[in-house]
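The values are calculated or read from the model by the stated rules, or taken from the named source; none is laboratory data. Everything numeric here is computed off the predicted structure, so don't read it as measured data. Cβ placement follows ideal geometry from the backbone for every residue including glycine, while neighbour counts extend to all protein chains displayed.
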Amino acid sequence: MMSLQSRRALAAACFATCLGLSLFAERTALAGGLYFSDRGVRPLGRGGAFVAGADDLHAVWYNPAGLADAGSSILLDGSWLNFSSEFKRQTRVVDASGTVRTYDYPTVKGSTPFLPIPTIAGSYNFGDKKQYTIAGAILAPYVPIATYPETVDGQPAPSRYSLLSMDGSALVQLGGYFAWKPVEQFRIGVGLDMLVGKFATTVVFNANPADRLLGAPEDPAYDAAAQMSVGPIFAPSAGMGAIWEPEEHIRVGLSGHLPYWISAPATLKVRLPTAAPFDRAKQEGDSATVNFRLPGTIRAGVEFRQKLGNEKKIRVEVAYIREFWSLHDSIDVTPKGINLVDVTGFPSPFGVAPISLPRNFTDSNSVRLGGEFTFRGLLDYKMDLRGGISYESTAVPREWVSPLTVDTNKVQIGGGAGLYVGQRWRLDAAFSYIFAPQINVDPAEAAVPRVNPVKGNPTAGESINGGTYTVRALTLGAGLNYKFE
């Protein structure tokens, strides 16, 4: 017979795991290291080097000062991030006799649906010298939202304790911007924006104690599927930037964006385990509040410009970006009246206490080199050819990598083209490919737990993220820009 203390711990573990892992999954839709690529079709073709060279509506993301050169214009584009990952899980289990055993699981694959990520933006240029520009934009970060199968070879998937799917999630950034060009050599811009939307996640947790009090660890009979909906989310923030041209061949750009502080309501619905103690169990209440922070960003760049004659021109930029992911140290969940009732042998009802999930991310750094060459090309149309390369360090320490937060140091190459039709239209296309090495998380160092603490367990709990990870990411995009003047 389980002690009262153990029963209480098991009940708390059941809901703590459910809430925690659901929101752990929710975090994937935002995070960095998990802005897996910078955004926008034209900047993508330049390898993301578009801080000093920002001069169209993509400036709303990279440097709002560049809107001073956008004129009165409209920008529409969309990109598909084709992301896939493979996870081969390994665990180290210490049994009651102290023997350490390593278990290998079958490989599970995650993939993303075909879902173009949009940019919709417009600007209006005014003033007696056209020195003012206002703009508005709706856009979304380039985020890998992978879906994993529930089973592999007829058995529960080894990734199920991290993530199954994020179907139904939608998050966009809405913003209003203002740029001012007091003299030809200087521009300054500011923007107010807001993250809005919701997350819908499905994840599995296991309510079975690891000391075999009720059965083997990760017994499928003790698996429970949790569906979490977080939102509506309304998280305001702001950014600003400046561009200086010390002489006609050089542009220097600097921009920054404040963090997002997110506090949002959430609802949680759980399909409780099929094991006998839960036969009559049910959940009362489904409300909670979620709090966490997303990083601020600093960008800097220098662009060299040179006219070559016959309408040819070359532009090359070197840029640096730092994202302050160390702000994302935890996810805090405060349940509101969530209780577990009628579980055999449990106190009933049992209230769920607030929990805090450690994240321990670190700041990430990126260096980029890219540019474009303008010339008269096909059928004498004006064209741009673009290319670039970047290196980005991960924000996710190796011991915290999991199927829902797969990230590593990576190299990205990009290329693209622009075709000018008349004086007002520009059609853009771009691609990028990310080269990422295999990630090996030693089970002895893996830090993401299968949270199910029962006091008095003689055996150590198993981590859920040990093993090897392989990721691939190809981005394809197309868009158009129309300038009224």
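Residues in the stretch 73-83: is at least one out of contact with any Gly (no Cβ under 9 Å at 6 or more places or on another chain) and either among the small types (Gly, Ala, Ser) or under 25 Å from GLU485 (Cβ atoms) (or both)? No - not one qualifying residue is present in the stretch 73-83. Out of the residues in the stretch 286-319 that are among the basic types (Lys, Arg) and in contact (Cβ under 8 Å) with a residue 40 or more places away in the chain, state the one that is nearest to GLY337 (Cα to Cα). Going through the qualifying residues, I end up with ARG299. Which condition does ARG426 not pass, out of (1) farther than 26 Å from THR202 by Cα; (2) surrounded by fewer than 19 Cβ atoms within 10 Å (Cβ to Cβ), if it passes all the others? Among (1) farther than 26 Å from THR202 by Cα; (2) surrounded by fewer than 19 Cβ atoms within 10 Å (Cβ to Cβ), the lone unmet condition for ARG426 is (2).
Restricting attention to the stretch 33-90, the residues being touching a residue at least 24 places away in the same chain (Cβ under 8 Å), in a loop (DSSP other than H, G, I, E, B) and not aliphatic (A, V, I, L, M) number 16.
Which of the residues spanning the stretch 287-322 are among the small types (Gly, Ala, Ser), touching a helix residue (DSSP H, G or I) at 6+ places or on another chain (Cβ under 9 Å), part of a strand (DSSP E or B) and closer than 30 Å to THR334 by Cβ? Scanning the stretch 287-322 gives a single hit, ALA288. Looking at the stretch 439-463, which of its residues are modelled with pLDDT of 55 or more and in contact with an Asp or Glu (Cβ under 9 Å, 6 or more places away or on another chain)? If the condition is that a residue be modelled with pLDDT of 55 or more and in contact with an Asp or Glu (Cβ under 9 Å, 6 or more places away or on another chain), then ILE439, VAL441, ASP442, PRO443, GLU445, ALA446, ALA447, VAL448, PRO449, ARG450, GLU462, SER463 are the ones that fit. Of the strands (runs of 3 or more DSSP E) lying entirely inside the stretch 339-394, those containing at least 1 residues that are over 30 Å from ASP428 (Cβ atoms) and under 23 Å from the mean Cα position of the chain (by Cα) span 355-358.
So, in the stretch 113-148, exactly how many residues are at negative phi and not in a strand (DSSP E or B)? Residues that pass the stated criteria total 14.
Matching residues to (1) of a type in the set (Lys, Arg); (2) part of a strand (DSSP E or B); (3) out of contact with any strand residue (DSSP E or B) (no Cβ under 7 Å at 6 or more places or on another chain); (4) within 21 Å of PHE292 (Cα to Cα):
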{"position": "ILE233", "(1), (2), (3), (4)": "no, yes, no, yes"}
{"position": "SER237", "(1), (2), (3), (4)": "no, yes, no, yes"}
{"position": "MET240", "(1), (2), (3), (4)": "no, yes, no, no"}
{"position": "TRP244", "(1), (2), (3), (4)": "no, yes, no, no"}
{"position": "LEU254", "(1), (2), (3), (4)": "no, yes, no, no"}
{"position": "ILE262", "(1), (2), (3), (4)": "no, yes, no, yes"}
{"position": "THR267", "(1), (2), (3), (4)": "no, yes, no, yes"}
{"position": "VAL270", "(1), (2), (3), (4)": "no, yes, no, no"}
{"position": "PRO273", "(1), (2), (3), (4)": "no, no, no, no"}
